[in-house]
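Each reported figure results from applying straightforward, stated rules to the coordinates on display, with no laboratory input. As the structure is a prediction and not an experimental result, all values here were calculated from the model. In this analysis, Cβ positions are derived from the backbone assuming ideal geometry, glycine residues included, and neighbour counts consider all displayed protein chains.
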Amino acid sequence: MMQRTTSDKLRTTRRHILAAAVAALMVPMVASGGYAQDKKVIRISTPANDAEWQAKGLQKFKEMVEAKAPNIEVQIHLNATLFDQGTEIPAMQRGNLEVGMLSPQDIASYIPEYSVFTAGYLLRDAEHMHSVFDTSDVADEYRQRVKDDVEVVILGTQYLGTRHVILRELQDVKTPADLEGVKMRVPGSDTWQFLGSALGANPTPIAFDEVYLALSTGTVDGLENPIADMIAAKFDEVSEQLVLTGHMVAPLFFAMSSSFWDSLSEEEQAVVAEAVAAQSALVDEGTLATEADGVALLESHGMTVTTPDLDAFRSHVQQQYLDSDYAKEWPEGLLERINAL
């Protein structure tokens with residue numbers, strides 16, 4: 001019998017190593033009857049930063065979904081790092097994004113008659129907001145139309161807060177006329193710009209992640225925003241006054257691409273729906289709690305908080321909408337149905 005050489009031994013060792021590696025690769029196939037499937041990925045895009053309740057709610061959503069559906073991975077992209085605010089819908093329609101945190105203003109860009117939901121002083125409070133968008137026949141019609149026309153599914157509504165006017169420098173503001181010439185930051189859509197004009201200001205579209213710098217340099221004179229977001233974004237560091245106009249109760253929709261939603265199994269849809277409900281509840285509770293203490297907190301930081309003539313603001317803003325081209329497209333009777341809820 002021939003003695004094995006060192007090179008023969010090395011070749012044998014290599015064959016053993018290769019065989020072991022192949023066997024290891026085959027384990028998932030043997031165990032499951034096929035190769036292990038890749039996880040389904042839910043990408044979420046939002047302009048929110050990690051200090052906002054919205055971001056905290058999304059983290060809860062991620063934890064719940066991944067715990068109950070291990071085959072799903074949730075990726076949260078904050079600070080508009082994945083898609084700019086206002087560009088989420090086309091990204092979802094293209095299949096480049098699974099979830100966008102949308103406003104009624106985003107929807108109105110695709111369904112003009114639904115600009116009624118962007119009107120100032122429309123919703124009374126968080127409870128009324130949920131009635132309109134979650135539990136009424138108005139909600140059923142709205143969600144179905146959005147799915148049919150925009151190709152996204154609204155899975156939940158959360159209370160983003162009540163929006164007020166924030167000013168870089170102190171100003172005596174009693175009526176909308178006192179905001180004439182004020183460069184007010186608003187998001188980029190036409191409906192947001194109309195709101196800025198209805199408030200009496202000069203609307204100036206700027207991305208949310210640029211607002212802090214714009215305020216600090218005087219590029220804008222102010223903005224309109226909820227108190228909770230203002231605190232999270234530290235706008236009090238570059239602003240002197242909060243004017244409690246309360247001009248809009250702001251909803252935010254957890255919206256998913258219709259095609260992705262339909263690709264989920266019934267069990268996966270149930271897990272996602274449960275996590276969305278928990279996410280929305282956390283955001284609601286956190287936002288309301290922050291608002292309850294927010295004025296006192298901002299005053300302790302040196303901000304001046306004032307209350308204008310709310311009747312003057314409400315009547316002026318509402319009349320601006322009723323006289324606009326937007327109102328001509330509103331479905332007959334819808335405004336009355338919203339008010340009656």
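Things worth noting here:
- Fully extending the segment from ASP325 to ASP293 would add 7.6 nm, taking 0.36 nm per residue of separation and subtracting the current Cα-Cα distance.
- Sites THR219 and THR307 - FRET efficiency at Förster radius 41 Å, r taken between beta-carbons, to 0.05: 0.90
- Listed peptides 241-248, 271-278, 89-96 by packing density, highest first (mean Cβ within 10 Å): 241-248, 271-278, 89-96
- Gap separating the Cα centres of the range 286-341 and the range 147-198, nearest whole Å: 9
- Only Lys, Arg (+1) and Asp, Glu (-1) charged, at Cβ; the range 40-332 dipole about Cα centre in debye: 380
- Among 324-337, 117-130, sorting by the average number of other beta carbon atoms lying within 10 angstrom of each residue, highest first, gives 117-130, 324-337.
- Counting charges near GLU267 (Lys, Arg +1; Asp, Glu -1) among other residues having Cβ under 12 Å from its Cβ returns a value of -2.
- Kirkwood-Stokes translational diffusion coefficient of the range 103-246, alpha-carbon pairs, 20 °C, 1.002 mPa s, µm²/s: 133
- Rounded to whole numbers, the Karplus 3J(HN,Hα) couplings from phi for the range 266-275 are 4, 5, 5, 4, 5, 5, 5, 4, 5, 5 Hz, using 6.51 cos²θ - 1.76 cosθ + 1.60 with θ = phi - 60°, and x at Gly and Pro.
- By other beta-carbon atoms within 10 Å, ranking ILE42, ILE76 with the fewest at the front produces ILE76, ILE42.
- In the range 40-332, the alpha-carbon atoms span a convex hull of 117 Å³ per residue.
- Förster-model FRET efficiency, 25 Å R0, SER300 and GLU127, C-beta, rounded to 0.05: 0.30
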